[in-house]
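Quick notes on the structure that follows.
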Amino acid sequence: MTDQKNIRNIAIIAHVDHGKTTLVDEMLKQGGIYRENQAVVDRVMDSGDLERERGITILAKNTAVHYKGTKINIVDTPGHADFGGEVERILKMVNGVLLLVDAAEGPMPQTRFVLQKALELGHKVIVVVNKIDRLDARVEEVMDEVLELLLDLNATDEQFESPTLFCSARQGIASYSPNETGVNLDPLFDTIVNYIPAPEGDPTAPMQMLVSSIDYNDYVGRIGIGRVERGTVRVNQEVAICDYHDPSHSAKGKIVALYEFDGLGKNPIQEAGAGEIVAFSGMADITIGRTICAPEQVEPLPFVKISDPTIEMTFSVNDSPFAGKEGKYVTSRNLRDRLQRELLKDVSLHVTEQGTDAFNVAGRGEMHISILIETMRREGYEFQVSTPRVLTKVIDGKVCEPIERMVADVPEASMGSVIEKMGRRKGDLLSMNPVGSVRCV
């Protein structure tokens, strides 16, 4: 069992394609996870086919590296707003975040969204300016933009004074100054160990743990993932399950198997102390947001409320003349079972039945639902989908609809047509900033 003071729990947050997964790859390589002769795949944390094809992270994943006697648990998080539900709950497991910013693009909308959540939780921030080897890098301006963003989000004085590192994830180098050329990622590892605090929690108190993520395995069923808040969790331990938002929920369970994250896999362990991020199995109905406690002291932990869905589509049985030509699973029972299985893993998804053959599926955005549709299609499901419908809400007697914040980085010559197209969609122009001599954001 790792000593509590030798544990660091961090999440990496950034906009789409700013180099999160590439940086984790290099951290794993330099953290000694691979054997010398082992074949290494690029973007190893993007394990799904769709993630590799689109070059984006969809599911938050856990890994861990060891550096000079300290275990660093790393959570690689999605960078697209539609998967923000993943990010919000993952932040409950960590004590600090690496804010990764592209040296050319600077802080983007999703950077703002996730950073705001991290600052609200009081997490310490390490700013990493990535891709400093790009020809169009504008490091000084990007640093100013990051400080403006922190100021805008009401960061505390300590968060405003966050350390900044300059890095090229692809080359696996980091340095303390933009004018220095790094050799390896040791400056990044050192900053994590020295700046991010060790997790707090009384190791002698009765056990308490919040389930922040869910995995599923055909052999062991549902796997809960979370950080041990206090006490020690052991294999075969009897536990009580409670819910902060549902005081009436009360159940008992047993920890059948316990795993720690190490490199790219999970290692079975017998016990884990306060501050460790672990996975466990043995409870079929465990879900995100539930708290597992020692039966003698049942105290539910508060949980981040996941943002509501913004659009909805109807999935129904294919009743067209071409029904049954492509898919293997075509009945409403197949469709219902698959959607219920998706709900086990995805907290941002809402499914309601409409009659016997149709289901309303609500998600965070078009990307969120399109990924689900494409995944199901590849698995052999055949079904019909409706056009997306925007979900409205009545707030203070007024009907409100969700809005999207869009940033277009375009050549100045194309600026007029972009503004015209957004105007047709009732878009409001909030700011227009020239970048260099030929581009505008």
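The values are calculated or read from the model by the stated rules, or taken from the named source; none is laboratory data. Remember, it's a predicted structure, so these values are computed and weren't measured experimentally. Here the Cβ positions follow ideal geometry from the backbone for every residue, glycine too, while neighbour counts run over all protein chains shown.
Report, by residue number, each residue of segment 113-138 that is surrounded by fewer than 17 Cβ atoms within 10 Å (Cβ to Cβ) and either in contact with a helix residue (DSSP H, G or I) (Cβ under 8 Å, 6 or more places away or on another chain) or assigned to a helix (DSSP H, G or I) (or both).
Across segment 113-138, the qualifying residues are 116, 120, 121.
Of the residues in segment 357-382, how many are over 22 Å from residue 310 (Cβ atoms) and touching a strand residue (DSSP E or B) at 6+ places or on another chain (Cβ under 9 Å)?
Number satisfying all stated conditions: 6.
Tell me which of these residue 252 doesn't satisfy, since it passes every other one: (1) surrounded by fewer than 18 Cβ atoms within 10 Å (Cβ to Cβ); (2) assigned to a strand (DSSP E or B); (3) modelled with pLDDT under 85.
The number of the failed condition is (3).
Against the condition outside any helix (DSSP H, G or I), surrounded by 15 or more Cβ atoms within 10 Å (Cβ to Cβ) and in contact with a Gly (Cβ under 9 Å, 6 or more places away or on another chain), how does residue 211 come out, does it pass?
Taking the combined requirement at face value, the residue satisfies it.
With 60, 14, 103 as the choices, which residue is within 14 Å of the chain's Cα centre (by Cα), surrounded by 20 or more Cβ atoms within 10 Å (Cβ to Cβ), among the small types (Gly, Ala, Ser) and modelled with pLDDT of 55 or more?
Every option except 14 fails the conditions.
Restricting the search to segment 323-359, which residues are surrounded by 12 or more Cβ atoms within 10 Å (Cβ to Cβ) and over 27 Å from residue 289 (Cα atoms)?
Residues satisfying the conditions are 323, 326, 327, 329, 330, 331, 332, 334, 357, 358.
Conditions (1) among the basic types (Lys, Arg); (2) closer than 22 Å to residue 332 by Cα, marked per residue:
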| residue | (1), (2) |
| --- | --- |
| 354 | no, yes |
| 361 | no, yes |
| 371 | no, yes |
| 386 | no, yes |
| 395 | no, no |
| 398 | yes, no |
| 401 | no, no |
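Taking segment 363-403 as the search range and keeping residues that are acidic (Asp, Glu) and without any contact (Cβ under 8 Å) to a residue 12 or more places away in the chain, which one is surrounded by the fewest Cβ atoms within 10 Å (Cβ to Cβ)?
The qualifying residue surrounded by the fewest Cβ atoms within 10 Å (Cβ to Cβ) is 396.
Just a yes or no: is a residue in segment 301-319 among the hydrophobic types (A, V, I, L, M, F, W, C), more than 30 Å from residue 402 (Cα to Cα) and under 31 Å from the mean Cα position of the chain (by Cα)?
No, the conditions are met nowhere in segment 301-319.
Which of the following residues is in contact with a helix residue (DSSP H, G or I) (Cβ under 8 Å, 6 or more places away or on another chain) and crowded, with 23+ Cβ neighbours inside 10 Å: 226, 201?
Going through 226, 201 in turn, the sole match is 226.
Only one of 337, 285 is in a loop (DSSP other than H, G, I, E, B), of a type in the set (Asp, Glu) and out of contact with any helix residue (DSSP H, G or I) (no Cβ under 8 Å at 6 or more places or on another chain); which?
285
Could you check segment 147-198 and list, in sequence order, the residues that are exposed (fewer than 14 other Cβ atoms within 10 Å of the Cβ) and β-branched (Val, Ile, Thr)?
Selection gives 156, 181, 183.
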